[in-house]
1. For Cα pairs less than 8 Å apart in space and 6+ apart in sequence, what is the mean separation divided by the residue count of the chain, i.e. the relative contact order in percent?
2. For Rg and Dmax of the Cα atoms in Å, which listed value, (i) 14.3, 51; (ii) 18.0, 69; (iii) 30.3, 113, comes from the coordinates shown?
3. Starting from 0.36 nm per residue, how many nanometres of slack lie between Lys73 and Arg20 once their C-alpha separation is accounted for?
4. Just to check I understand the Karplus step: with θ = phi - 60° and J = 6.51 cos²θ - 1.76 cosθ + 1.60, what whole-Hz values come out for segment 73-83, glycine and proline as x?
5. Taking the Cα centre of the chain as the origin and placing charges on Cβ (Lys, Arg +1; Asp, Glu -1), which of Gln3, Thr45, Val69 is farthest toward the positive end of the dipole?
6. Keeping every protein chain present and rolling a 1.4 Å probe, give me the accessible area per residue for the chain in Å².
7. Ignoring ligands, DNA and RNA, please state the percent of accessible area on the chain from carbon and sulfur, probe 1.4 Å.
8. Pull up the DSSP beta bridges for segment 31-128 and report the antiparallel fraction as a percent, rounded to 5.
Amino acid sequence: MIQVQTLLKVVDNSGAKLVRCIKIKNKRGKSSASVGDIVLVSVKTLRPRYGRRIRLKMNKSEIHHGVVVQTRKLHRSKSGVGSSFGCNSVALISSQDKPLGTRISATLPSRLRGLKWVKLVAMAKKTV
């Protein structure tokens, strides 16, 4: 359950390390986001650059869209199996719903595939 002002970890290689949730998109009247929801985030810290040839895709305090891919809240499926993760994480996307990074370095839940985020699941190392 992600609320406004929550710090989120970025799991792709877009250049950001930590972001803060500003707004939850497309949730009519709801004040929290779960896995698969789109949030508006502000970049707080960046990943270190190794070498001078690497061009940054973003700067500090920029605003981007992101998809919540992991939450600490336990989610139970209809079969009774529950899944939760160690931290709240997000993958950054463009305004046209295309990922900003090229790799995802975390395990993603398989229910993202049914929530129109097949491209994110294909970039991930592992799905649960």
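1. Relative contact order here is 24 percent.
2. Of the listed options (i) 14.3, 51; (ii) 18.0, 69; (iii) 30.3, 113, (i) comes from this structure.
3. On the way: separation 53, 0.36 × 53 = 19.08 nm, distance 1.79 nm.
Taking 0.36 nm per residue and subtracting the Cα distance, the gain is 17.3 nm.
4. 5, 6, 10, 9, 7, 5, 7, x, 7, x, 9
5. Most positive-ward Cα: Thr45.
6. On the way: 8040 Å² over 128 residues.
So the chain comes to 63 Å² accessible per residue, rounded to a whole number.
7. Within the chain, the accessible surface is 50 percent carbon and sulfur.
8. Within segment 31-128, antiparallel bridges account for around 80 percent of the total.
The values are calculated or read from the model by the stated rules, or taken from the named source; none is laboratory data. Worth saying up front: this structure is predicted, and the values here are computed from it rather than measured. All Cβ positions, even for glycine, are placed from backbone atoms using ideal geometry, and neighbour counts span all protein chains on display. Quick note on the areas: whole protein, heavy atoms, side chains included, nothing else; ligands and nucleic acids left out. Shrake-Rupley method; radii C 1.70, N 1.55, O 1.52, S 1.80 Å.
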